[in-house]
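Trainee: This is the structure, below, for whatever I ask next.
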Amino acid sequence: MSLRLRVALALAVVTAFASVGVGIISYRLTEGRLYEAVDDSLVEATQVVLSRRIDERFPERGPFDGLDVQVTRSDGTVLQSTFPRELRVSRDLLGLRAGRTALADVELGRDRYRVLVVGLDGGLVQVGRDLRETERVLDALRQRTIALVAGVTTLAALAGALIAGRVTRPLRRLTEAAVTVEETGSLDVDLPTTRDRDEVGQLSDAFRRMITALSRSRSDQARLVQDAGHELRTPLTSIRTNLDMLDRYGELDPSDRREMVLSMRTEVDELTALVNEIVQAASGEADDVEPERVDLGPVVGAVAERVARRTEREIRVVADGSVAEVRTDALRRAVSNLLDNATKFDLSGGPIDVSVADAVITVADRGPGIPVGERERVLDRFHRAEAARALPGSGLGLAIVAEFARSHGGDVTISDRPGGGAEISMRLGPPAGLNAG
């Protein structure tokens, strides 16, 4: 059953119950008032009855107009009666004392009477009113009430259907959009727009934001795959070149052969680290390796030497012997990302300067620098500055550096290098101490 039909039925049922309740109350009140009017007319007639004796002739009109009268002696003999048939009088009523009254409903064939019994000396008088007129009024009221309940319930159902249709229209369009996404995989769907701030409007806004986030995520994934392919080609090309050299020149000098093998191993390590970085970025999984106390200078120097050999750039490292609690492999990758970023943007051919001081690793290049408005955003995943759009890269390098620094209680800051270029500093928490030597 659809939500629209459920709302319409619920509104109809509630309205029906309310209408029936009001109808029953109105009917009971009207019935009570009518019977009260009948009783009042009977009570008024008793004033005439009480002023007479049992052996007198009671009038059939005048005060008794519209009423029927039966006069009965104490021995049960009926002296006078205008009822269609004689009323039976019980022994209890025959013993009714003078001035006392009793009220009862009496069935005479198919007719029903409201009868007031008045005790007199030597007998009693029964004054009654035919209830057919009262019952006709009540029957008409009951029929009108039933018709009114049916009409109001029908109108409530129609109004509920219209209201539910208007309320659920955005929900139906959201459902159609979800089915379209499921069947076609396309996120380019027509979503309902509403200015209402109710639950349906909030759901529509949330659904729209979800579709936007999914579209952005899909674009990021596609860009990640494309850029990852570009990044993977570099070490793979180097490995293939070295393999071709080894295959083509079998009589290589042992030192050249060792250098090629070492270069391939380095590229394989770089390739493995790059794959791990992509997997980590795509899955959001954190490295579960426990941090260890590391002398930062040698690790940074080894990474700088490897990058220098690969890029044929001069990289100068100055370290003060700082140590920090870090995950070594993650540190190598973060430093490698900083150096790769510097060599990519620094086209001057000059040296890249690296300093390690008080557990802060700073890489300075002579490139175009990073505009102030971009310095926060370049640390976000997949964001690439305007100057980097034409260069290879995934937009992950600095984001991973920033995440590594934060996971070690530090941060990343970007500033201008004196003389031109950029300085990117990665602080690894508070300094863990300095080596004396």
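The values are calculated or read from the model by the stated rules, or taken from the named source; none is laboratory data. Small disclaimer: the values here were computed from a predicted structure and weren't measured. In this analysis, Cβ positions are derived from the backbone assuming ideal geometry, glycine residues included, and neighbour counts consider all displayed protein chains. Heavy atoms of the whole protein, side chains included, go into the accessibility calculation; ligands, DNA and RNA do not. Shrake-Rupley method; radii C 1.70, N 1.55, O 1.52, S 1.80 Å.
Trainee: Solvent-accessible area of Met245, probe 1.4 Å, all protein chains present, reported in Å² to the nearest ten, please.
Mentor: About 70 Å², rounded to the nearest 10.
Trainee: Another question, then. In nm, what is the difference between 0.36 nm times the number of residues separating Arg142 and Arg100 and their Cα-Cα distance?
Mentor: Net length gain for the segment: 11.5 nm.
Trainee: Check Val318: other-chain or 5+ apart residues with amide H under 5 Å from its amide H, H built from backbone geometry?
Mentor: HN-HN under 5 Å from Val318: Val354, Ser355, Val356.
Trainee: Hey, another quick one. Just to check I understand the Karplus step: with θ = phi - 60° and J = 6.51 cos²θ - 1.76 cosθ + 1.60, what whole-Hz values come out for the stretch 117-125, glycine and proline as x?
Mentor: Coupling constants for the stretch 117-125: 9, 10, x, 10, 5, x, x, 8, 10 Hz.
Trainee: Accessible surface of Tyr27 in the full protein assembly, 1.4 angstrom probe, to the nearest 10 Å²?
Mentor: Probe radius 1.4 Å; accessible area of Tyr27 about 40 Å².
Trainee: Can you order the peptides 78-90, 251-263, 361-373 by their average number of other Cβ atoms within 10 Å per residue, highest first?
Mentor: With the highest mean Cβ count within 10 Å placed first, the list reads 361-373, 78-90, 251-263.
Trainee: Could you give me D for the stretch 121-161, from Stokes-Einstein at 25 °C and 0.890 mPa s, where the hydrodynamic radius is the Kirkwood radius over C-alpha pairs? Units µm² s⁻¹, please.
Mentor: Here the translational diffusion coefficient equals 181 µm²/s.
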